[in-house]
Amino acid sequence: MRAVRAGLPLLVVLALAAALLAITTVAREISARAGFLVERPVVLLVWLVGLLLVATLLAWVSRSAIRRADTSVSLWLLILAAVALASPLLLTLQQHPSP
Amino acid sequence: MTRRLRRTRRAVAGLLLVAGILSFGYVGVSSYVAEQLVYAAPIPIDKTPASLGLRFAYVTFPSRQDHLTLRGWFIPGVLANGRLTADRAVVVVHGTRTNRESKGDHQLQLTGELARHGLAVLAFDMRGAGESTPAPLSMGTLEQRDVLGAVDFLRSGPIPIPELGRPRVIGGLGISMGAATLLMAAAREPAIQAVVSDSAYAEVVPLLEREVPKRTVPVIGHVPGGFVPAALVMSRVLYDVDFFAARPIDSIAAIAPRPLFLIHGLADDYVPVSNFHRLNAAASAPSTAHVMTWLVPKARHAQAFKQTGAEYVTRVVGFFDASLGADRSLPGAAA
């Protein structure tokens, strides 16, 4: 059970990323009807607000998971969550500059 | 609770915090850069072909596939005897952050010269440019549909000047992003029977990775280079703009056996001449390829016509004459 709790931030990272993409896609579809000049800022705004909410939720989940983590498995799961969180940054930086 | 566990927890918490702040900050800034990247404010059009003493018609047609409204001019060709013709039409495709007039590379003058040499010209604003529908800038990926829409218009749309009839053959001339876009469109559309590509890039991502950090965007100023790869990814995620697909190098070979004329300035420091060599090699690969080339000494990016003037016109018109054949129109309207 503790391991499950410790794995929660990792699951939350994945679930929230998917949810954020879904919300942004919906926002895009709706705002696109008003034209690109409306769609462009609306999509960015939805995405940035979504990122902020996701970050807040993730911080809250991670905080409680860290408090309960008292085995090496649960600590490793939290490290895995940190790696998953940093992976987009690491992957894109690794590609830069392109050959 | 042991001291060691407490220390480990603190370290893990720190790791999560740093990873979170860096990642969310990175993605947030990159998203903003993407939003700036996919938009180019339309530039108004000041002059029309009438300023060159040419007859023309305003035309409106939809892009292929997504049906965005595009606007342009149809300029009939003027034959040596003064008669107008629409027998051979050339679709002229402008570059990035400009329009069908394109003052920077004198495109209006170029289209005027083509018309005076008997070639009808369809010069139009691609999506998001000039008077056409606002839309994301994708450096050719989506704009191909506009070129294909122009071809559809010439083949089956309303005839712009009815007394001249419908064009018999269609060629294309593109400059910079317009050239890259035209190459990709021509590879898909056999109705484009001859292509002039002036200052095209082989692929756009290396160009963006080099050029975007030189630009300033509101709020953050110069974009650090490290944000560009993520901004390109975010352009795809948020706006469906796939800069990674803007790669004429992958499809240029499909233009063969149709004639292709590649032009590039030797002093081009925006799209380096290595792009020309790569495109030439790829285009010449099929045994049926018919590729002509011209490296223009001292010409900077998209400045070959501006620099060489009459020589440019002679070479391009000669290419179209050889590729599209002579004008076969019946006697019609007078200029």
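The values are calculated or read from the model by the stated rules, or taken from the named source; none is laboratory data. For clarity, every value in this text was computed on a predicted model and none was experimentally measured. Please note: Cβ atoms are built from the backbone with ideal geometry, for glycine as well, and neighbour counts cover all protein chains shown.
Each residue in region A:26-46 was checked for being within 10 Å of another protein chain (Cβ to nearest Cβ) and more than 19 Å from residue B:37 (Cα to Cα), and 1 of them qualify. From the list B:160, B:218, B:213, the one residue that fits, being modelled with pLDDT under 95 and surrounded by 24 or more Cβ atoms within 10 Å (Cβ to Cβ), is B:160. Could you go through region B:10-30 and let me know if any residue there is surrounded by 19 or more Cβ atoms within 10 Å (Cβ to Cβ), in contact with a strand residue (DSSP E or B) (Cβ under 8 Å, 6 or more places away or on another chain) and either more than 7 Å from chain A (Cβ to nearest Cβ) or touching a residue at least 24 places away in the same chain (Cβ under 8 Å) (or both). The answer is no; no qualifying residue exists. Scanning region A:47-69 for residues that are out of contact with any Leu (no Cβ under 6 Å at 6 or more places or on another chain), more than 9 Å from chain B (Cβ to nearest Cβ) and more than 15 Å from residue B:17 (Cα to Cα) yields A:49, A:53, A:68. Sub-8 Å Cβ pairs linking a first residue in region B:133-160 that is more than 14 Å from chain A (Cβ to nearest Cβ) and assigned to a loop (DSSP other than H, G, I, E, B) to a second residue that is among the acidic types (Asp, Glu) and surrounded by fewer than 24 Cβ atoms within 10 Å (Cβ to Cβ), at least 6 apart or interchain, are B:141/B:242, ordered by first then second residue.
Of B:84, B:108, which residue is outside any loop (DSSP other than H, G, I, E, B) and farther than 20 Å from residue B:43 by Cα? It is B:84. On the stretch given as region B:54-87, residues that are surrounded by fewer than 21 Cβ atoms within 10 Å (Cβ to Cβ), free of Cβ contacts under 8 Å to residues at least 60 places away in the same chain and over 24 Å from residue B:181 (Cα atoms) total 2.
Scanning region B:192-229 for residues that are touching a Pro at 6+ places or on another chain (Cβ under 7 Å) and at the interface with another protein chain (Cβ under 9 Å from one of its Cβ atoms), we see that the one that is farthest from residue B:316 (Cα to Cα) is B:225.
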